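What follows is a short report on a single structure.
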Amino acid sequence: MSEAPFERVTRESYDVLAADYAAWIRDELAVKPLDRAVLAAFAELVDGPVADVGCGPGRITAHLAGLGVDVSGIDLSPAMVETARCAHPGLRFEVGSMTALGLPEGGLGGLIAWYSIIHVPDDTLPAVLAGFRRVLAPGGYLQLAFQVGDDPVHRGEAGGHEVNLHVHPRRVDRVADLLGDAGLEVRARLERAPDREGPFPEAEPQAFVLARRPAQAR
C-alpha cells in the first residue's frame with residue numbers, strides 16, 4: 001500500500017525531531033495527573049495484548065507496561081522507533097502505519113492512540129477508526145487522546161527544526177459520532193481545560209475518549 005502524502009510529511013518531520021522530542025516530552029506525564037488517571041483506568045480495563053499506535057519515543061508504552069499491561073508500540077517514524085527501542089530495550093517497537101495496521105483481526109485486548117490521530121486528515125479518519133475496530137477483540141478497548149478545536153493548524157517549526165506537521169484538533173462529539181459509525185461503543189469521555197502553566201503549556205482543551213468493540217457482533 002502506497003504511503004499517503006500526509007504520512008510522508010509526518011514521518012519525515014518526526015524523523016527529524018525524534019531525539020529532541022523524546023528528551024523534551026520524557027517527563028510530561030509526571031505533571032499531568034488527569035492524564036495518568038485516564039491511562040490507569042485503561043490499563044485496568046484491558047485484558048490481553050495492547051498496541052500503542054503512534055507511540056513516538058515510547059513513553060506511553062513504557063508507562064502502560066509499568067502498570068502491568070502487555071503492550072507494544074507502533075510508529076510511522078523509523079527514527080522514533082529506534083529512539084523508543086534505545087530508551088526502553090525491554091519493550092517491543094515496530095515501524096508501521098495506522099492506515100494499514102499489520103495486525104491480525106480481533107487480536108488485541110486494547111489499542112491506544114495517544115495524540116496520534118491528530119495528524120490524520122478528516123477524510124481518512126473514518127477508515128483509521130474502522131481499522132482500529134478490526135484489530136480489537138470483541139470487548140476490546142480503544143483509548144484516544146487529542147486536542148479539542150475546529151481548525152487545523154500547520155506547524156513549520158518545532159524544537160528548532162524545520163518540519164511540516166498538520167495538526168487536526170476535533171470536537172469530542174464529532175469523534176464520538178465517528179467511533180459509532182465505525183462500530184465502536186463510546187464508554188467514557190473527558191475534556192479538560194488546557195494546562196497553561198508549567199513546563200508543558202497547552203493552548204487548547206484536551207480530550208480523552210474511551211470506546212469498546214462490542215462483545216457481541218453488531
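Checking Gly73 against (1) buried (at least 18 other Cβ atoms within 10 Å of the Cβ); (2) over 14 Å from the mean Cα position of the chain (by Cα); (3) closer than 23 Å to Glu28 by Cα, which single condition isn't satisfied?
(2)
Please count how many residues of the range 110-158 are buried (at least 19 other Cβ atoms within 10 Å of the Cβ) and either modelled with pLDDT under 95 or more than 22 Å from Arg213 (Cα to Cα) (or both).
Of the residues in the range 110-158, 1 are buried (at least 19 other Cβ atoms within 10 Å of the Cβ) and either modelled with pLDDT under 95 or more than 22 Å from Arg213 (Cα to Cα) (or both).
Of all residues in the range 191-207, how many are closer than 21 Å to Arg26 by Cβ and assigned to a strand (DSSP E or B)?
1
So, Gly198, is that one over 18 Å from the mean Cα position of the chain (by Cα) and more than 19 Å from Leu34 (Cβ to Cβ) or not?
No: the conditions fail for Gly198.
Just name the residue that is surrounded by the most Cβ atoms within 10 Å (Cβ to Cβ) out of those in the range 159-194 that are acidic (Asp, Glu) and without any contact (Cβ under 8 Å) to a residue 40 or more places away in the chain.
Glu185
Rundown of residues vs (1) at pLDDT below 95; (2) in a helix (DSSP H, G or I); (3) on the phi < 0 side of the Ramachandran plot; (4) exposed (fewer than 14 other Cβ atoms within 10 Å of the Cβ), yes/no style:
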position: Val16; (1), (2), (3), (4): yes, yes, yes, no
position: Ala23; (1), (2), (3), (4): yes, yes, yes, yes
position: Leu34; (1), (2), (3), (4): no, yes, yes, yes
position: Ala37; (1), (2), (3), (4): no, yes, yes, yes
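If you scan the range 59-69, which residues turn out to be in contact (Cβ under 8 Å) with a residue 24 or more places away in the chain and more than 11 Å from the chain's Cα centre (by Cα)?
Answer for the range 59-69, where residues must be in contact (Cβ under 8 Å) with a residue 24 or more places away in the chain and more than 11 Å from the chain's Cα centre (by Cα): Arg59, Ala62, His63, Leu64, Ala65, Leu67, Gly68, Val69.
Any residue in the range 128-148 that's within 13 Å of Val53 (Cα to Cα) and touching a residue at least 40 places away in the same chain (Cβ under 8 Å): show its pairings with residues that are surrounded by 24 or more Cβ atoms within 10 Å (Cβ to Cβ) and of a type in the set (S, T, N, Q) at Cβ separation under 8 Å, as long as the two are six or more apart or on different chains.
That search, which allows pairs on different chains as well, returns nothing.
The values are calculated or read from the model by the stated rules, or taken from the named source; none is laboratory data. Since the structure is predicted, the reported quantities are computational estimates derived from the model, not experimental observations. A quick note on method: Cβ atoms are made from the backbone with ideal geometry, for glycine too, and the neighbour counts reach across all protein chains shown.
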